[in-house]
Amino acid sequence: MIPRIEYYKFENLSEALSYLRNNPDSKIIAGGTDLIIQLRSKKINARKLLDISRINELKYIQDGSEYFRIGALVTIEELKKSKVIKDYAQPLWRAVNNFAVWQVRNTATIGGNICNASPAADTVPPLIVLEAKLKLQNIERVREVKIEEFFKGPGETIIERDEILTEIVIPKKNSLWRYSFIKLGRRHSHILSIVNVAVGLKMNNTKIEDAIIALGSVAPTPVRAKNVEEYLRERQATSKLIDEASREVVKDIKPISDVRASAEYRVEMSKLLVKKALNECLDIMK
Amino acid sequence: MGRWITLTVNGSKRRVEVKDNEILLDVLRDKLKVKSVKAACWRGECGLCSILLNGKLVKSCLVLAVEVDGSEILTVEGLARDGELAPIQRSFIEHGALQCGFCTPAFVLASHKLLEENPSASEDEIKESLSGIVCRCGTYYEIIEAIKDASKHYQVRKKV
């Protein structure tokens with residue numbers, strides 16, 4: 001049993017939103033794979049639960065001409081099996097392939113992984129690199145925010161108490177972009193990341209025109225490695241440049257020591273994984 | 001005091017009264033007496049409470065009972081047909097794929113689902129799919145052999 005709670009369930013979005021407007025003290029449950037544990041251990045206290053898991057209008061993967069749209073209630077397993085995601089959102093697909101375990105992927109949703117706001121959330125660095133936006137909806141309006149501006153700290157986001165994350169919007173970019181994603185954990189699956197890294201490089205022959213790099217589990221929120229990006233931009237991709245740029249990551253991260261790894265280890269691994277992810281993008285020396 | 005929900009458990013309709021904060025695992029074991037579903041870690045780590053919920057493998061310790069009103073649940077009790085064990089169950093016995101037996105219902109159910117979906121699962125796919133269930137006796141080798149051996153029965157079934 002978890003602490004006493006009142007449970008409410010709605011099967012359409014507008015009903016859920018109007019409930020939420022009148023009951024801002026509610027906690028939203030989708031897959032519940034993190035929330036149930038947090039409620040049981042009293043890390044999160046809530047009096048009311050709003051179950052949105054049966055809102056079918058938030059379960060879709062749409063392949064449009066300029067954007068992909070992912071409904072917030074799409075499960076991690078559905079993303080893993082999606083050809084659209086595999087073909088056009090490579091780093092996200094790589095992340096969901098190594099995500100928790102089968103049972104959890106079957107239930108956990110992409111919206112939940114984002115809103116839970118774990119610094120180690122595996123879907124977030126790939127979504128930052130893909131320049132995803134989040135649609136936040138309340139009973140009156142919809143607003144769009146960049147995913148990297150969504151997080152305030154561990155478990156904290158800018159979402160208002162009457163809003164639901166309804167959609168993840170990923171712009172389709174031109175084919176000059178290449179991507180990679182690497183997760184380091186103590187084993188392949190079923191483990192929180194010690195460090196995770198997503199990289200996107202826009203190449204013009206051997207020149208790096210643009211770079212976006214994001215890391216998880218090395219700061220209170222997932223972070224952009226802007227110093228590394230700046231170091232790479234408009235430069236020829238050589239192994240010397242990759243070496244030097246990777247070391248810049250120490251300026252972008254602020255890791256802590258916890259049960260999974262020490263801060264020192266995270267710093268060393270961040271440098272190494274950024275380098276490895278960049279090289280994977282460039283296909284030079286693995 | 002609570003609310004009544006209806007579940008179809010291993011083919012039979014069951015009505016049960018649950019509180020809003022009750023975990024599905026507790027309701028299955030304590031109220032519906034489905035004892036193959038094991039309670040161990042309570043936080044989604046050991047996988048021994050795995051069930052098939054509307055055809056999907058999930059951990060019943062991470063689900064509230066009220067969430068699944070109207071759902072279909074399959075546990076290892078529902079695998080045998082007319083007193084005849086499912087091929088995966090026979091294979092576990094033939095390979096001695098257990099020691100204490102506590103994790104066996106979860107492994108049997110998960111591998112049954114895996115082979116139904118993917119009867120030609122490779123060893124790597126078997127390992128990945130089952131990585132969310134732990135066996136503290138360490139009978140993984142025998143479990144994997146049992147699954148590989150049982151897969152031919154599921155390949156035949158899929159062709160029919």
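The values are calculated or read from the model by the stated rules, or taken from the named source; none is laboratory data. Being a predicted model, the structure only gives us computed values, none of them experimental. With ideal geometry, Cβ positions are generated from the backbone for all residues, glycine too; neighbour counts draw on all protein chains shown. For accessibility, only protein heavy atoms count, side chains too; no ligands or nucleic acids. Shrake-Rupley method; radii C 1.70, N 1.55, O 1.52, S 1.80 Å.
Key figures
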item: Relative compactness, the range A:192-286, computed as alpha-carbon Rg over 2.2 N^0.38 Å; result: 1.04
item: Buried accessible area, chains B and A (both chains, 1.4 Å probe, Å² to nearest 100); result: 2500 Å²
item: Cα-based shape type of chain B, given that a ≥ b ≥ c are square roots of the gyration tensor eigenvalues and the cut on a/c is 1.5; result: prolate
item: Size of electric dipole in the range A:31-95: Cβ of Lys, Arg +1 and of Asp, Glu -1, about Cα centre, debye, nearest 20; result: 440 debye
item: Cα centroid separation, the range B:19-82 to the range A:42-108 (Å); result: 22 Å
item: Largest-first principal axis extents of the Cα set of the range A:58-171 (Å); result: 34, 33, 23
item: Chain B: angle of helix B:104-117 to the longest principal axis, Cα-based, in degrees nearest 10; result: 70 degrees
item: Three semi-axes of the equivalent ellipsoid, chain A, Cα gyration tensor, whole Å, largest first; result: 33, 21, 16
item: Angle in degrees between helix A:263-282 and the longest Cα principal axis of chain A, rounded to the nearest 10; result: 70 degrees
item: Dipole magnitude of the range A:177-282, debye to nearest 20 (Cβ charges: Lys/Arg +1, Asp/Glu -1, about Cα centre); result: 240 debye
item: Intensity falloff of the range A:140-213 expressed as log10 I(q)/I(0), Debye formula with alpha-carbon point scatterers, at q = 0.11, 0.13, 0.22, 0.24 Å⁻¹; result: -0.48, -0.66, -1.10, -1.12
item: Shielded by partner chains, the range B:59-81 residues - at least 30 Å² of accessible area, 1.4 Å probe, vs chain alone; result: B:Lys59, B:Leu62, B:Leu64, B:Val66, B:Glu67
item: Chain A: calculated mean residue ellipticity at 222 nm from DSSP helix runs of at least 4, using -39500 (n - 2.57); result: -8500 deg cm²/dmol
item: Mean accessible surface per residue for the protein assembly as shown, computed with a 1.4 Å probe while every protein chain stays in place, in Å²; result: 45 Å²
